[in-house]
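Bear in mind that the values in this text are calculations on the coordinates, not laboratory data. In this text the structure is predicted, and so the values were computed from the model without any measurement. Note that we place each Cβ from the backbone using ideal geometry, even for glycine, and neighbour counts take in every protein chain shown.
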Amino acid sequence: MQIAAGQFKAKCLKIMDKVHHTREEVTITKRGKPVARLVPVEETPAKALFGFLRGSVVIKGDIVESTGEIWDAEADRA
């Protein structure tokens, strides 16, 4: 479907609703030449909130155990 820019401006919201419902593209023209295209958005299913980070965390070791490195605060006691 093609529509002149002036007509599109006057009926913009109605045309957007039509594109949403019919999934049909609309080409907007200015002086007979295409300048823009209104296309329906591809709706992607929402990811589940719980578990979407599954597999993205790697455990590298114990974060509580000492590394063996002596800190300045510990050096005073030794």
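Overview of values
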read-out	value
Residue list for segment 12-23, restricted to those being surrounded by 12 or more Cβ atoms within 10 Å (Cβ to Cβ) and either assigned to a loop (DSSP other than H, G, I, E, B) or of a type in the set (Val, Ile, Thr) (or both)	ILE15, VAL19
Those residues of segment 1-11 which are part of a loop (DSSP other than H, G, I, E, B) and touching a residue at least 12 places away in the same chain (Cβ under 8 Å), in sequence order	MET1
Segment 26-55: number of residues that are assigned to a loop (DSSP other than H, G, I, E, B) and either within 22 Å of the chain's Cα centre (by Cα) or surrounded by 10 or more Cβ atoms within 10 Å (Cβ to Cβ) (or both)	17
Flag for VAL57 being of a type in the set (Val, Ile, Thr), touching a strand residue (DSSP E or B) at 6+ places or on another chain (Cβ under 9 Å) and free of Cβ contacts under 8 Å to residues at least 40 places away in the same chain	no
